[in-house]
Amino acid sequence: MPAPLRLGLAGLGTVGIGVVKIVQRHASLIEARAGRPVQITAVSARDRTRTRDADLSAFAWESDPVALARRDDVDLFIEVMGGADGPAKHATEAAIAAGKDVVSANKALLAHHGQALAEAAEAKGHVIRFEAAVAGGIPAIKALTEGMAGNRITRVMGVMNGTCNYILTRMDSAGLPYEVVFEEARSLGYLEADPNLDVGGIDAAHKLSLLAAIAFGTKVSFGAVELEGIGKISIEDIRHAADLGFRIKLLGVAQVTGRGLEQRMTPCLVPADSPLGQLQGGTNMVVLEGDAAGQIVLRGAGAGEGPTASAVMADVIDIARGSRLSTFGQPAHTLATPVPAAAATPAAHYLRMTLLDRPGALARIATALGDAGISIDRMRQYGHPGAHAPVLIVTHKASPRDIAHAIGRFAATGVMVGEPVAIRIEEV
Ligand code: HSE
């Protein structure tokens, strides 16, 4: 009988317990698929006394994840603790130093230290895999590294933070303002301990930077992601965008253009009838585009016990089968240093503003746009009782720099009430 693959599991939160349940519930199915038994031998978590929804009595206990990573009866170290530094990093480094393979669900750790960790592991002939770190149960990494291995990847997009998508779609469907839905999300337990990881776009940007590294064969460059959260999205913009046939999403886009590697995690308008526009609630979507395959759309649960543990187990079973796939789909030392794009690809933009309703007001705005080289595609002025006119403009393609330049000149027109809003419209 082939030797079992022995797992050391660090972290017994939602994901860790999900892993325990799958290993216990599907032992024979996993053995059949992997060609050998897969067993948990030891576990580690901060608090041993906490009541947990799984039987852990058969496993050795380590209070220190570093000690767990070094145990002789652990072949593969699973890190589902979280955190970019601290215990997660120390234990992962200890596992690599001790010659273990690693499976991680930790996007923050990989976005910041993935290059160094992968190089260290691969230098010793070991692997780090992280399917669970990107979009939970969606097999996005497998799709890129295996399913699309024969393609030049042209673009990667995604809605990869379920909490943000929940907030935006709930604002839309219930007509509630951001602040109210944010508190609702908090009371439902949807927000990370630091909510800015979610609503500030950081969590989703971690994931995008990992996909970009695989897609374009470049070192992870999380620091180069253009980042803007959803905190400024108003119910007015959601309504007006819908009126024009769009929905607002916190959308990640990575592509290589003549300008270099472009990585953006920003609110964007997408057509309401596109797969991204149709995405509701806490669900995630990853869109992969290759020169041979065309566009592949993957939709599923981006978080939660079952989906995230499912992705952890996909990596575990791959390793049990003997797969030695590199962390980023090619040896980490061969990844190129990316040249970050100095400017984003031109795009149509949605502009919303309130103007003083007097002769020539619109003409002044049109002139400011024209002077910046921006052409108007569509325009709508809404009926209004008072002296302030709500105006929407959709531009033809323009560089974000030109849009910012034009907006900078709006103030000098003397007809602007309050601050204008500009949101990119992504072609999806
Ligand atoms: N807070 C994340 C989300 C969980 O809402 O998608 C997975 O990273």
Please give the net charge around A342, taking every other residue with its beta carbon less than 11 angstrom from that of A342, where Lys and Arg add +1 and Asp and Glu add -1. +1
Computed over region 1-132: relative contact order in percent, which uses C-alpha pairs under 8 Å that are six or more apart: 23
Residue by residue, what Karplus-based ³J(HN,Hα) values in Hz, rounded to whole numbers, does region 339-348 have, using 6.51, -1.76 and 1.60 with θ = phi - 60° and x for Gly and Pro? 9, x, 5, 6, 9, 6, 4, x, 8, 5
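With a cut-off of 8 Å between alpha carbons and a minimum separation of six or more residues, what is the relative contact order of region 220-320 in percent? Can you show the working numbers first?
Numbers: 113 pairs, mean separation 19.5, N = 101.
Computed value for region 220-320: 19 percent relative contact order.
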Which of K107/K232; K89/K397; K21/K249 exceed 32 Å between C-alpha atoms? The answer is K89/K397; K21/K249
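Using +1 on the beta carbon of Lys and Arg, -1 on that of Asp and Glu, and nothing else charged, what's the dipole of region 311-372 about the Cα centre, debye to 20? If you can, show how the numbers build up before the last one.
Working: 5 positive and 4 negative charges, 17 e Å.
Approximately 80 debye in magnitude.
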Hey, rough spin-label estimate for V180 and A84, points 7 angstrom out along Cα→Cβ, what's it come to in nanometres? 3.5
Let me have the 222 nm mean residue ellipticity of the chain computed from DSSP H runs of 4+ only, each contributing -39500 (n - 2.57), with the sum over all residues rounded to the nearest 500. -10500 deg cm²/dmol
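Return V270, V19 ranked ascending by Cβ neighbour count within 10 Å, so the fewest neighbours appear first. It would help to have the intermediate numbers written out before the result.
Numbers: V270 24, V19 28.
Ranking V270, V19 by Cβ neighbours within 10 Å, fewest first, gives V270, V19.
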Karplus-derived 3J(HN,Hα) from phi for region 20-32 (6.51 cos²θ - 1.76 cosθ + 1.60, θ = phi - 60°), whole Hz, x at Gly and Pro, runs 4, 5, 5, 4, 6, 6, 10, 3, 6, 4, 5, 4, 5
Positive dipole terminus of the chain, leading residue within T163, P65, C268 (C-beta point charges): C268
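Hey, can you rank 295-307, 159-171, 244-256 by average C-beta count inside 10 Å, highest first? Numbers along the way, then the final one.
Values: 295-307: 18.1, 159-171: 24.9, 244-256: 22.5.
So the order, starting with the most tightly packed, is 159-171, 244-256, 295-307.
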Under 18 Å from K142, Cα to Cα: aspartates and glutamates that are on another chain or at least 8 residues apart: D101, E131, E289, D291, D315, D318
Evaluate the relative contact order of the chain (contact order divided by residue number), counting alpha-carbon pairs under 8 angstrom at least 6 apart; express in whole percent. 16
Gap separating the Cα centres of region 361-385 and region 312-338, nearest whole Å: 51
Calculated SAXS-style log₁₀ I(q)/I(0) at q = 0.11, 0.13 Å⁻¹ - the chain, Debye, Cα scatterers: -0.84, -1.08
antiparallel share of DSSP beta bridges within the chain, to nearest 5, in %, is 65
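Read-outs: derived from the displayed coordinates by stated rules, not from any lab. All values derive from a computational prediction rather than experimental measurement. Please note: Cβ atoms are built from the backbone with ideal geometry, for glycine as well, and neighbour counts cover all protein chains shown.
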